[in-house]
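Down below is the structure, laid out as structure tokens.
All of the numbers you see were taken from the coordinates with simple rules; none came from a lab. Treat the numbers as computed from the prediction; the structure is a model and nothing was measured. All Cβ positions, even for glycine, are placed from backbone atoms using ideal geometry, and neighbour counts span all protein chains on display.
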Amino acid sequence: MNIERIEMRHVSMPLVAPFETSFGVERDRDAIILRLDSEGMVGWGECVAGGWPGYSYETVQTAWHILKDHLSPLVLGQDVLDVADYRRRIAHLKGHPLAKAGLELALWDLLTRASGQSLMAALGGERDRVAVGVSIGIQPTAAKLVEVVGSFVEAGYPRVKLKIKPGRDVSDVRAVRQAFPDLPLQVDANSAYELSDAEVFEAMDDLGLILIEQPLAEDDLVDHAKLQERLATPICLDESILSTRHARQALEIGACRFINIKPARVGGLSEAVAIHDLCWAQEIPVWCGGMLETGIGRAANLALASLPGFSLPGDISATDRYYHEDIAQPPFVLENGTIKVPKRSGLGVEVAQDVLDRVTVRSKLLEPDGAR
Ligand code: NPQ
Ligand code: MG
């Protein structure tokens, strides 16, 4: 399809509550929303880079630059045949997976809307609903954490993930485990520890955790393998896995037993599906991570998580866990610990233009040279 114009919007969405991780506190979720126009059709995408380099080195500012100056010129005013065509066009550009994934998502939406197919069907998904969990940020005290966990359990979340950081780990997790002996529970350190901290994880080994997510540095598979040898609890990698090759090598050397798949982190849904396929063939459990997405990215995560290998609940919470008001409609709701996968064509959500306008901080319209 001929990409006639690309609209970029930097949005800032107030979170219902601050979200604290080992890398800092987030109060407003900044992101880039992309709109493609082509042959009377529209495609929406979301780049989940944040306001500062906490989770990843990419930020809204770096992604804005990469999208505007390096990715858009490879598709604007040109006939893009399919997503594989887009991937060939950008293959020579290094890094910046979040930026690349944002534009890839807009193309997936455009192309599947045009063909009348749901994104779920296009990716090979086969479930109407997916099991989900909730990710809970670091709280002021262990007692407050137990209370917050209780409110999410009450709301119907069947699996809880606790964020941990040095000094706020074993005793917090133990307090939650004592209050909820049978709750499916896991932890995420967002790379805040070193191998010399192994005792921290050994002390959590008898708390019945499903997994320990990304305890060590993102560029360190070797020490993850050494740590995994010392633990009965499976390690799951997030930040370390940026490609199918990383996934294969991490599994080969025993750096993890599970993998968290986030389409943004691996440069797009295509690579996410490839990692799923690799793990499915090896019977390695995968689950879909979350990046505090708006309804656009959330819809894409649901479509991805409907593939057969996603055997653990994803970090794909209901819309109201993060936002009072979302730019995509209708909101996603929790029912029996699951969320429904959109069935309509493309992402299967509509963008509320008034809400989008209200959260937009700046926007940029890109058109081919000579247009207008
Ligand atoms: C994780 N997500 O699994 C991430 C971390 C995360 C739901 O725990 C702005 C940009 C805010 C990126 C908050 C969850 C973020 C962010 C959390 C990433 O590691
Ligand atoms: Mg994580």
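A few points about this structure:
- In the chain, the longest principal axis of the Cα atoms and the axis of helix 221-230 are about 30 degrees apart.
- Only helices enter this figure: runs of n ≥ 4 DSSP H residues, each worth -39500 (n - 2.57), summed and divided by the residues of the chain, yield -9500 deg cm²/dmol at 222 nm to the nearest 500.
- Stretching the chain fully between Lys226 and Ala155 yields a gain of 21.7 nm (0.36 nm per residue, less the alpha carbon separation).
- Between amide H atoms placed 1.01 Å from N, distances below 5 Å from Arg29 occur with Met13, Leu15, all of them 5 or more places distant or on a separate chain.
- Top of Ile66, Ile33, Ile275 by mean-square fluctuation, Gaussian network on the chain, Cα under 10 Å: Ile66
- Per-residue extension of 0.36 nm, minus the Cα-Cα distance of Asp82 and Ser243, leaves a gain of 55.9 nm for this segment.
- The smallest convex shape that holds all Cα atoms of the chain, its convex hull, gives 124 Å³ per residue.
- Loop-located GluC sites (Glu not before Pro) in the stretch 1-109 (DSSP state other than H, G, I, E, B) with a sparse environment of at most 14 neighbouring Cβ atoms within 10 Å: Glu39.
- Considering only alpha-carbon pairs that sit under 8 angstrom and 6 or more positions apart, the relative contact order computed for the chain is 22 percent.
- Extending 7 Å from Cα along the Cβ direction at His324 and again at Asp277 yields two label points whose distance is 4.5 nm.
- Difference of contour (0.36 nm per residue) and Cα-Cα distance, Leu195 to Leu74: 39.3 nm
- For the chain, the longest principal axis of the alpha carbon atoms and the long axis of helix 142-155 meet at an angle near 60°.
- Fluctuation leader among Ala225, Ala255, Ala352 - the chain, Gaussian network, Cα springs under 10 angstrom: Ala352
- Rounded Å value of the spacing that divides the Cα centres of the stretch 52-125 and the stretch 162-192: 35
- The stretch 280-299 and the stretch 314-372: distance between their alpha carbon centers, rounded to Å: 17
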